[in-house]
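Here is the structure we will look at, set down as structure tokens.
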């Protein structure tokens, strides 16, 4: 494999090239520590999903007796995708802004329709490290090489977090953890090396060719259901806010009514006092006239 000196890459904990642990330990810079990380890899994940769907029809089914047929077909697909990505100047060079040194990728069999933080804890399938920042080429090349560069990849079970039976797979969905950006957008949710610099991660959901469209439709249905639940929660919040606003308005109206009533009572008392004063003055005038 013709990886350059950097990036250094691990597949299932084994070094593909270079010495990841030594490089990471010697790299003591922490410029990206706890800085907000804006994700720029979504065009890459979109292209992976599109390329996979487009190439599905002509893909052979995986045959354990001759695995290279399936693996070679998809390795060519990703090699072409890698060339396309490198040539596309509209796709940012780095997977994040600012560039991060570390990028992890997990591979699971089923999408849980939940936050990736709820997935079973497993060793990362792919670890990429580049001191000057992980690039779009690093990402596509690592995914294509891990999934199709040799024997079938290790895919973890959603149910128990153990590797499932090895077979040729295709990527039908990709997701990751995000958080609200200080600028109002969406930022990547990072984890941290003990050494100090940030890494980010994505999850690939993979399945055999026969389950590809079934799984994609299931993800689509789950996302739509999630969208509906989110919309219902939004409407409930708005109803509560309106009810609260209505209650506040009623309280304000009552307060104003009481204020006007008290004001009227004060004016009434003043008029009564004025009438009494006028009556007393008239009475004194009448008495003085009699005398």
If you go through segment 61-73 one residue at a time, do you hit one that is modelled with pLDDT of 75 or more, outside any helix (DSSP H, G or I) and closer than 19 Å to residue 205 by Cα?
yes
A careful count of residues in segment 109-143 that are surrounded by fewer than 21 Cβ atoms within 10 Å (Cβ to Cβ) and part of a helix (DSSP H, G or I) gives 4
So which residues in segment 92-108 are surrounded by fewer than 21 Cβ atoms within 10 Å (Cβ to Cβ), touching a helix residue (DSSP H, G or I) at 6+ places or on another chain (Cβ under 9 Å) and not in a strand (DSSP E or B)?
92, 93
Scanning segment 164-178 residue by residue, those in a loop (DSSP other than H, G, I, E, B) and over 15 Å from residue 65 (Cα atoms) turn out to be 164, 169, 176, 177
Before we move on, is residue 132 out of contact with any helix residue (DSSP H, G or I) (no Cβ under 9 Å at 6 or more places or on another chain) and over 16 Å from residue 105 (Cβ atoms)?
yes
Is one or more of the residues making up segment 134-143 within 22 Å of residue 211 (Cβ to Cβ), in contact with a strand residue (DSSP E or B) (Cβ under 7 Å, 6 or more places away or on another chain) and at pLDDT 95 or above?
yes
Which residue, of 66, 151, 72, is free of Cβ contacts under 8 Å to residues at least 40 places away in the same chain, over 20 Å from the mean Cα position of the chain (by Cα) and surrounded by fewer than 16 Cβ atoms within 10 Å (Cβ to Cβ)?
66
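The values are calculated or read from the model by the stated rules, or taken from the named source; none is laboratory data. All values derive from a computational prediction rather than experimental measurement. Note that we place each Cβ from the backbone using ideal geometry, even for glycine, and neighbour counts take in every protein chain shown.
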